[in-house]
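Below: one structure, written as structure tokens.
Taken together, the values in this text are just the output of simple stated rules run on the coordinates, not laboratory data. Just so it is clear, the model here is predicted, and its values are computed rather than measured. With ideal geometry, Cβ positions are generated from the backbone for all residues, glycine too; neighbour counts draw on all protein chains shown.
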Amino acid sequence: MKFTWGHGIFVVIVLGVSGFLSLVYITTNERIDMVTDEYYPKELKYQEQIAKEINYNALGDRIRIESQDQLEIYFPRLTDNANNITGTVHLYRPSDKRLDIETDLKLDSAFCMRFDKSELRSGKYQLIIEWETEGKAYLSKLPVYID
């Protein structure tokens, strides 16, 4: 049997269709996570978030992050007692919503909050901290890389 133009065209069509079908299969199984499920209500409160970020940017001290055995988040000492600082900490994982961690702010006497690295997968997180002390609200967004 001889290989002719008709055979070549048939092979090209079969390879093209199988490639197209494999791309359709791969794209339908890809996870696409929204940043938030409640997009519209959060958008209405966006001006409040801007005001909180302005408050944070006006501070002399910043939140400091250290990452050795644990992920340690050190807060500025704006008050005498660490219990006067309340809020939430959200470790947002852009690539997979299932790896997000959201918890209430619990500081020790050194104004530090710790996360065990075994709870976190390696990669990039966005650390979003919404906190309040002495009647003033703050919002900080910091990138965190876990290795």
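Between 75, 111, 20, the GNM of the chain built on Cα springs shorter than 10 angstrom shows 20 fluctuating the most. Ranking 143, 74, 3 by how far each Cα lies toward the positive end of the dipole of the chain (charges on Cβ) leaves 3 at the top. Averaging the Cα positions of each part gives two centres, and for segment 59-94 and segment 122-138 these lie 7 Å apart. Using all pairs of distinct alpha-carbon atoms, the Kirkwood hydrodynamic radius of the chain works out to 18.9 angstrom.
Hey, in the GNM for the chain with a 10 angstrom Cα cutoff, which one of 28, 103, 86 fluctuates hardest? Answer for the Gaussian network model of the chain: 28.
Using a 10 angstrom cutoff on alpha carbons, build the Gaussian network for the chain and name the most mobile of 122, 18, 95. With Cα springs under 10 Å in the chain, the top fluctuation among 122, 18, 95 is at 18. Put a plus charge on the Cβ of each Lys and Arg, a minus charge on the Cβ of each Asp and Glu, and nothing anywhere else: the dipole of the chain about its Cα centre is then about 680 debye. Summary value for segment 42-147: 29 percent relative contact order, contacts being C-alpha pairs under 8 angstrom separated by 6+ residues. Straight-line cross-link reach from residue 42 at under 22 Å between alpha-carbon atoms covers these lysines, not counting any fewer than eight positions away in the same chain: 52, 97, 136, 141.
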